[in-house]
Amino acid sequence: MPSGRAHEALNLAALGGLALAHLAAGGSPEDPRAWAFGLAYLAGTYLLSPDLDLAERGVRASRRWGILAAFWRPYGWLFRHRGLSHTWLLGPLTRLAYLGAWVGLLLLVLRWTLGLQVSLDLPPELWGFGLLGYYASQWLHLLADGVRPDHGLKRLRRPRRGRLDGSTQQHMVEGAMPETSAATDNRGHALLP
């Protein structure tokens with residue numbers, strides 16, 4: 001698993017390559033979609049890293065938040081390292097939702113106390129390119145960590161270890177063995193009568 005510095009270097013190199021490809025394809029450096037992608041990509045790399053689930057340990061991404069790093073500690077309590085926070089779709093979404101909850105709370109307080117209203121009125125296309133840039137940075141981090149796109153889904157498909165399948169449990173409750181060969185658990189190990 002690469003260090004935080006290695007993750008950032010890899011992400012920056014990839015962003016540089018994407019920027020060159022954009023320009024080589026005739027894209028403009030002033031294109032707002034490219035800016036939305038790039039800024040969200042950088043935010044995902046430097047501020048919203050999948051490793052924020054280790055915020056209590058002072059990982060690079062949490063240190064960049066300065067005094068606000070304390071707001072990421074509960075995120076680390078909610079999500080264990082390399083668990084849901086390191087899945088391809090839900091992991092990045094958990095960080096956005098967590099940050100959105102804090103920002104929403106702050107905006108509500110500002111509205112109630114100062115009457116201040118803030119609008120994030122951007123064209124949907126820019127939100128889409130921003131989301132794409134953010135997810136691209138997250139996915140590159142996960143690839144570098146060796147996390148496959150199906151990470152976390154395997155647990156949903158296979159039975160838990162140490163559990164007996166329903167038919168074997170029923171036969172054991174009744175005191176009889178199944179009529180087929182010896183009873184086995186979900187890993188194929190024979191059960192003793």
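Here are the numbers for this structure:
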read-out: Accessible area, probe 1.4 Å, largest first, for residues Trp112, Trp65; value: Trp112, Trp65
read-out: Added length on full extension, which subtracts the Cα-Cα distance from 0.36 nm per residue, Asp31 to Asp145; value: 37.9 nm
read-out: Unit charges on C-beta of K, R, D, E only; dipole of region 22-120, Debye; value: 320
read-out: Pairwise centroid distance, computed over Cα atoms, of region 104-130 with region 1-69, Å; value: 23
read-out: Length gained when the stretch His81-Leu116 is fully extended (0.36 nm per residue, less Cα-Cα span); value: 8.9 nm
read-out: Calculated diffusion of region 40-139, Stokes-Einstein form, Kirkwood radius summed over Cα pairs, 10 °C and 1.306 mPa s, µm²/s; value: 110
read-out: Rg in Å to one decimal, and Dmax rounded to a whole Å, for region 1-45 via C-alpha atoms; value: 11.8, 36
read-out: Positive minus negative residues near Ala70 (Lys, Arg vs Asp, Glu; Cβ under 14 Å); value: +3
read-out: Debye log10 I(q)/I(0) for region 1-90, one point scatterer per Cα, at q = 0.11, 0.14, 0.18 Å⁻¹; value: -0.38, -0.58, -0.85
read-out: Distance between modelled label sites at Leu96 and Arg63, nm, 7 Å Cα→Cβ extension; value: 2.9
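The values are calculated or read from the model by the stated rules, or taken from the named source; none is laboratory data. Owing to the predicted nature of the structure, the values given are computational and were not obtained by experimental measurement. Please note: Cβ atoms are built from the backbone with ideal geometry, for glycine as well, and neighbour counts cover all protein chains shown. Calculation scope for accessible area: heavy atoms of the full protein, side chains included, ligands and nucleic acids excluded. Shrake-Rupley method; radii C 1.70, N 1.55, O 1.52, S 1.80 Å.
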